[in-house]
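Here, each number is a calculation from the coordinates, and none is a lab measurement. Here the structure is a predicted model, which is why all the values come from computation and not from measurement. Glycine gets a Cβ as well: all are built from the backbone with ideal geometry, and neighbour counts include every protein chain shown.
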Amino acid sequence: MILDGIKIRDQILAEAKPRVAALPRPPGLAVVLVGEDPASEIYVRNKIKACHDLGIHSEKYTPPPTVTTAELLTLVRQLNQQETVDSILVQMPLPAQVDTAAVLAAIDPRKDADGFHPYNAGLLLAGQPAPRACTPAGVMEILRRCQIPLEGKRAVVVGRSEIVGKPMALMLLEANCTVTLCHSRTRDLAAECRRAEILVAAIGKPAFLTREHISKGAVVIDVGINRITDPAQAERIFGRQERPSTIVGDAHPLHMAELASAYTPVPGGVGPLTIAMLMLNTIQLAERRQA
Ligand code: NDP
């Protein structure tokens, strides 16, 4: 079974529309995009388009790549105070000279679009409602809507980043999975992965999980988004010539299709959900602020 993220995203957005319309004023999302990273520009453009399609008001702020931590903190504090802004997103990554943790911590937790604020991360740990990191929240939504049973299952998450792997492990634990969280220091990664009934790949390495990591019948969720520009590498993975610039996940697409009972394709799996969950976070924050 292919877990179709585009279809699920469309369902979620269709359900969200009446919630937006029911609010006294449109929800407001402020997006801060520093510099000119092409991938970040595409992500932000897609987020703003999603807002537009749903009737969410969005504002984009584009400080120069030379921006200082102090300048960004001033901007975030202004947005915290701004009445029409319900939700604030600072697009990652920030330039090296900026103290990313300080910027994220400066966002009012009641306006934290991405759920990255330590207070909201803490609420996830405590099992309490709060804006949640969009990508793992999107994975849970796929699993729920596709009726993949989770209770008592062995789940293995590969990758322990603050934005994907760690919150993913907590959300699966909350859903009563028995969770193993793997990373670059894990001994015998393949053996750990093979025990997984639910295997989540969030590593950032193209086609990294192969036949030796995936047991037959596992559900594989591939969070990875890797752009491959080397035609030889693409041919090694796909066994045929591909377009000059191809997106591949962290799991080997052919091995995953061969062995998994259900899996998210790349593209078209987890990616579309991330933006849908950002919209839901924004709507929920607006509902609380406008209540
Ligand atoms: P990070 O680079 O922050 O984290 C990668 C994790 O993978 C780290 O915990 C690292 O371990 C682990 N890792 C790296 N190499 C290995 C290895 N050889 N064996 C085992 N573990 C390893 O990445 P992100 O979490 O931000 O993103 C992961 C992937 O998901 C990327 O492809 C990214 O593009 C994609 N992504 C997709 C999104 C979507 O919307 N679908 C949204 C966000 C990300 P260690 O901690 O030990 O270094």
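Taking label points 7 Å from Cα along the Cα-to-Cβ direction, Gln128 and Arg19 give a separation of 2.1 nm. For Thr186 and Gln81, FRET efficiency with R0 = 51 Å and r from the beta-carbon atoms, rounded to 0.05? E(calc), rounded to 0.05, equals 0.70.
Rg over Rh of the chain, using C-alpha atoms and the Kirkwood radius, what does it come to? Write down the numbers at each step before the final one.
Values: Rg = 19.2 Å, Rh = 19.8 Å.
Ratio of gyration radius to Kirkwood radius for the chain: 0.97.
Extension gain for Arg154-Arg236 works out to 26.4 nm (0.36 nm per residue, less the C-alpha to C-alpha distance). If you run the Gaussian network model on the chain, springs between alpha carbon atoms under 10 Å, then out of Pro265, Pro231, Pro118 the most flexible one is Pro231.
Each of Glu41 and Glu212 was given a label point 7 Å from its Cα along the Cα-to-Cβ line. The distance between the two points is 4.1 nm. Each part reduced to its alpha carbon centroid, region 212-236 and region 98-140 end up 29 Å apart. This model, with +1 at the C-beta of Lys and Arg and -1 at the C-beta of Asp and Glu, gives region 134-272 a dipole about its Cα centre of some 140 debye. Rounded to the nearest 20, the size of the Cβ-charge dipole of the chain about its Cα centre is 460 debye, with Lys and Arg at +1 and Asp and Glu at -1. In the elastic network of the chain, a GNM with C-alpha springs shorter than 10 Å, the most mobile of Val270, Val76, Val139 is Val76.
Pairs spanning more than 28 Å between alpha-carbon atoms, out of Lys7/Lys49; Lys7/Lys153; Lys47/Lys216; Lys49/Lys216; Lys17/Lys153: Lys47/Lys216; Lys49/Lys216; Lys17/Lys153.
Is the shape of region 134-272 rounded, prolate or oblate, going by the alpha carbon gyration tensor and its root eigenvalues a ≥ b ≥ c, with a/c under 1.5 for rounded and a/b larger than b/c for prolate? Because a/c hits 1.5 or more and a/b exceeds b/c, region 134-272 counts as prolate.
Specify whether the C-alpha gyration tensor of region 195-291 places it in the rounded, prolate or oblate class, a ≥ b ≥ c being the square roots of the eigenvalues: rounded for a/c under 1.5, otherwise prolate if a/b is larger than b/c and oblate if not. Mind showing how you got there, number by number?
Numbers: a/c = 3.36, a/b = 1.67, b/c = 2.01.
It is oblate, given that a/c is not under 1.5 and a/b is not larger than b/c.
For Ser184, Ser87, the sequence from fewest to most other C-beta atoms within 10 Å is Ser184, Ser87. DSSP beta bridges fully contained in the chain are about 10 percent antiparallel. Ordered by the number of other Cβ atoms lying within 10 Å of each residue's own Cβ, fewest first, Ile142, Ile6 fall into the sequence Ile6, Ile142. Once you sort the root eigenvalues of the Cα gyration tensor of region 113-192 as a ≥ b ≥ c, which label holds: rounded (a/c under 1.5), prolate (a/b larger than b/c) or oblate (the other case)? The shape class here is oblate.
Would you mind calculating the relative contact order of region 1-123 from Cα pairs under 8 angstrom and at least 6 residues apart, reporting the percent as a whole number?
Values: 144 pairs, mean separation 32.8, N = 123.
Relative contact order of region 1-123: 27 percent.
Could you size up the charge dipole of region 26-111 around its Cα centre, putting +1 on the beta carbon of Lys and Arg and -1 on that of Asp and Glu, and report it in debye to the nearest 20? Let's see the in-between values first.
On the way: 7 positive and 10 negative charges, 31 e Å.
My answer is approximately 140 debye.
Between Arg243 and Thr66, the modelled label-to-label distance comes to 3.7 nm, taking each label 7 Å out from Cα in the direction of the beta carbon.
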